[in-house]
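Input: a single structure, listed below in structure tokens.
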Amino acid sequence: MNIHGRNPVIEALKAGKEISKIYFRYGTHGQVLKQIEHLARKAGVPTVTLPKQKFDRLEGGNDPAAQGVVALIEDVRIYELDDLLEIEKEQDPPFFVALDSITDPHNVGAIIRSAECAGAHGIILPKHDTPPLTDVVMKASAGAATHIPIAKVTNLRTALEKMKTAGIWIAGLAGEGEVDLFTLDGFKPLCIVVGSEGRGIRPTNLKACDELVRIPMWGRIESLNASVAAAVAMYEVRRKRV
């Protein structure tokens, strides 16, 4: 897997990921690049400067998001659901985010980024209804996918039921929800389920939710983008836990 962009590469280095090599585009300069070189030396990661033409081929075209830096990294570690449930949460109750049928890699990456920033303990992704964790997802996550544990499950309904058995409250985001987000109990062990923008959470997974939560709307548009809705919900949980 390639990671494109200065900040995602820095985050991957800080996270101690298995980076095999870092490529710079010839003529690229700046303090951030010096920081990457410093971190790479400390980690024993070789760096190579390439002519623009070769660098552009490596990144798959002249992509401005690469910012003159590409890292070759091992695939993001994928956890089992049991691994996430056993992660030590210190004094913070378990807090997870599950995605249902979100197929846009930019949305997936943005949700991963928000989840990591909001202090969630893990992400649950269906194996068959989620895009692979490609460099597009990595860029959209700004490197957060290298920090937050991610589990992939064969059947999301089964995974949600297993989490309920483990004492985790399942809250699904839905426009028809009876519970206002701002009244949600954010202190209990919690998993927020986020559905696709088109059809929302699938009916079978809705049945696994302990409650459906709506985000209040004051404008004329009925709903938020999936990644924005997820971020609003996660930060409301974090606000209550501060």
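The values are calculated or read from the model by the stated rules, or taken from the named source; none is laboratory data. The shown structure was predicted, so the numbers you read here are calculated from the model rather than taken from an experiment. Cβ coordinates were reconstructed from backbone atoms using ideal geometry, including for glycine residues, and neighbour counts include every protein chain displayed.
Structural remarks
- Among the residues making up the stretch 220-237, those that are buried (at least 17 other Cβ atoms within 10 Å of the Cβ) and in a helix (DSSP H, G or I) are Ala226, Ser227, Ala229, Ala230, Ala231, Ala233, Met234, Glu236, Val237.
- Checking Val193 against (1) among the β-branched types (Val, Ile, Thr); (2) surrounded by fewer than 22 Cβ atoms within 10 Å (Cβ to Cβ); (3) closer than 25 Å to Ala140 by Cα, the condition it does not meet: (2)
- Of all the criteria given as (1) within 30 Å of Leu58 (Cα to Cα); (2) part of a helix (DSSP H, G or I), the one not satisfied by Thr130 is (2).
- Take the conditions (1) out of contact with any Leu (no Cβ under 9 Å at 6 or more places or on another chain); (2) at pLDDT 85 or above; (3) of a type in the set (Asp, Glu); Glu74 misses just one of them, which is (2).
- Complete set of residues in the stretch 217-238 that are more than 17 Å from Ile102 (Cβ to Cβ) and modelled with pLDDT of 95 or more: Tyr235, Glu236, Val237, Arg238
- Residue within the stretch 118-127 that is assigned by TED's automatic domain parsing to the domain that holds Trp169, buried (at least 23 other Cβ atoms within 10 Å of the Cβ), under 21 Å from Leu224 (Cα atoms) and within 9 Å of the chain's Cα centre (by Cα) present: yes
- The condition (being of a type in the set (Val, Ile, Thr), assigned by TED's automatic domain parsing to the domain that holds Pro131 and surrounded by fewer than 20 Cβ atoms within 10 Å (Cβ to Cβ)) is satisfied by just one residue among Thr165, Thr146: Thr165.
- Filter pass, Gly200 being assigned by TED's automatic domain parsing to the domain that holds His121 and closer than 18 Å to Ala115 by Cα: no
- Among the conditions (1) at pLDDT 80 or above; (2) basic (Lys, Arg); (3) surrounded by 13 or more Cβ atoms within 10 Å (Cβ to Cβ), the only one that Lys17 does not satisfy is (1).
- When Ile124, Ile111 are checked against the criterion of being modelled with pLDDT of 95 or more and assigned to a helix (DSSP H, G or I), Ile111 stands alone in meeting it.
- Subset of the stretch 133-159 [farther than 25 Å from Gly5 by Cα, of a type in the set (Ser, Thr, Tyr) and not in a loop (DSSP other than H, G, I, E, B)]: Thr158
- Number of residues in the stretch 179-219 that are free of Cβ contacts under 8 Å to residues at least 12 places away in the same chain and part of a helix (DSSP H, G or I): the value is 2.
- Within the stretch 199-219, the set of residues being surrounded by 15 or more Cβ atoms within 10 Å (Cβ to Cβ) and of a type outside the set (Gly, Ala, Ser) comprises Ile201, Arg202, Asn205, Leu206, Cys209, Asp210, Leu212, Val213, Arg214, Ile215.
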